[in-house]
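J.: One structure is given below, represented as structure tokens, and several questions about it will come after.
The values are calculated or read from the model by the stated rules, or taken from the named source; none is laboratory data. Treat the numbers as computed from the prediction; the structure is a model and nothing was measured. Glycine also receives a Cβ, built like all others from the backbone with ideal geometry; neighbour counts cover every protein chain displayed.
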Amino acid sequence: MQLEFPFIQQELKHSRYIVNNLIPYEMWQTESSSVHGIYVEAANWEEDQWKGYFLEMNGELRRISGNTSDTISVVPPFSWVSYYGDYFTILKVRDINAT
């Protein structure tokens with residue numbers, strides 16, 4: 001079954017990677033959010049650790065444009081603001097050349 005994320009598919013159409021090659025990497029719970037990203041107080045991420053990965057929350061998939069120790073920024077913006085405690089998943093693109 002092909003996932004339907006048209007803006008991501010458009011962005012990746014000239015790449016060897018497709019949306020079906022996104023694999024879950026980490027799951028977290030939000031403390032707050034805006035349409036531009038999410039906040040997790042005790043995350044302690046490395047700066048730009050997630051840049052280039054994808055974030056899925058409540059059925060919306062976004063590319064991660066960067067992060068700080070406790071905030072992830074996404075593009076394009078979400079169409080809503082999540083609730084405290086919503087779960088989100090960070091996904092990475094599977095290397096189709098990996099064995």
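J.: Within segment 54-81, can you find the residues that are on the phi < 0 side of the Ramachandran plot, surrounded by fewer than 16 Cβ atoms within 10 Å (Cβ to Cβ), not in a strand (DSSP E or B) and not charged (D, E, K, R)?
T.: The answer is THR68, SER69, PRO76, PRO77, SER79, TRP80, VAL81.
J.: Then there's this: Among the candidates TYR87, TYR83, single out the residue that is within 14 Å of GLN29 (Cα to Cα) and within 13 Å of the chain's Cα centre (by Cα). Steps first, please.
T.: On the way: TYR83 fails: within 13 Å of the chain's Cα centre (by Cα).
From the options TYR87, TYR83, the qualifying one is TYR87.
J.: Does at least one position in segment 41-53 carry a residue that is within 15 Å of ARG94 (Cα to Cα), surrounded by 14 or more Cβ atoms within 10 Å (Cβ to Cβ) and at pLDDT 90 or above?
T.: Scanning segment 41-53, I find at least one residue that is within 15 Å of ARG94 (Cα to Cα), surrounded by 14 or more Cβ atoms within 10 Å (Cβ to Cβ) and at pLDDT 90 or above, so the answer is yes.
J.: On to the next question. Restricted to segment 40-80, and to residues that are more than 14 Å from the chain's Cα centre (by Cα) and charged (D, E, K, R), which residue is nearest to TYR25 (Cα to Cα)?
T.: Once the filter is applied, the top-ranked residue is GLU46.
J.: Answer yes if at least one residue in segment 10-32 is at pLDDT 80 or above and part of a loop (DSSP other than H, G, I, E, B), and no otherwise.
T.: Step one: list which residues in segment 10-32 are at pLDDT 80 or above, which gives 24-32.
Narrowing further to those that are part of a loop (DSSP other than H, G, I, E, B): 30-31.
The answer is yes, given that some residue of segment 10-32 is at pLDDT 80 or above and part of a loop (DSSP other than H, G, I, E, B).
J.: Next question. Between residues in segment 71-83 that are at pLDDT 90 or above and residues that are assigned to a strand (DSSP E or B) and of a type in the set (S, T, N, Q), which pairs lie under 9 Å by C-beta distance while being six or more apart or on different chains?
T.: From residues that are at pLDDT 90 or above, the pairs are ILE72/SER65; SER73/SER65; SER73/ASN67; VAL74/SER65; VAL75/SER65.
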